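Encoded as structure tokens, the structure appears first; notes follow it.
The values are calculated or read from the model by the stated rules, or taken from the named source; none is laboratory data. Predicted, not measured: the structure shown is a model, and the values here were computed from it. Backbone-built Cβ (ideal geometry, glycine too); neighbour counts: all protein chains shown.
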Amino acid sequence: MSVLNKIALAIAIVGALNWGLVGLFSFDAVAWLAGGATTLLARIIYVTVALAGLWCITLLFRDEEDMRIDSHA
């Protein structure tokens, strides 16, 4: 797995954990860390998580061979 794939997956996992916190405890860790959900920093984090999630969708449609080629690039 390429470095980009690993980074995207890690960011998507962090986003999923944040949504879990929101669902279970009504606590948005990103908003808490960024000083509010509407701050520029929070919005950048939310968009980065969304882009990572979109990138991870492509992982579902790749063959094992493509994944091995990615890791050597």
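Listing for the model above:
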| quantity | calculated |
| --- | --- |
| Any pair with Cβ under 9 angstrom, 6 or more apart, that starts in segment 1-25 at a residue that is more than 14 Å from ILE57 (Cα to Cα) and ends at one that is polar (S, T, N, Q) | MET1/SER71; SER2/SER71; VAL3/SER71; GLY15/THR48 |
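Listed here are the residues, each with its yes/no results for (1) surrounded by 12 or more Cβ atoms within 10 Å (Cβ to Cβ); (2) at pLDDT 95 or above; (3) more than 15 Å from the chain's Cα centre (by Cα); (4) not in a helix (DSSP H, G or I).
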{"site": "TRP19", "(1), (2), (3), (4)": "yes, yes, no, no"}
{"site": "VAL22", "(1), (2), (3), (4)": "yes, yes, yes, no"}
{"site": "THR38", "(1), (2), (3), (4)": "no, yes, yes, yes"}
{"site": "VAL47", "(1), (2), (3), (4)": "no, yes, no, no"}
{"site": "ALA50", "(1), (2), (3), (4)": "yes, yes, no, no"}
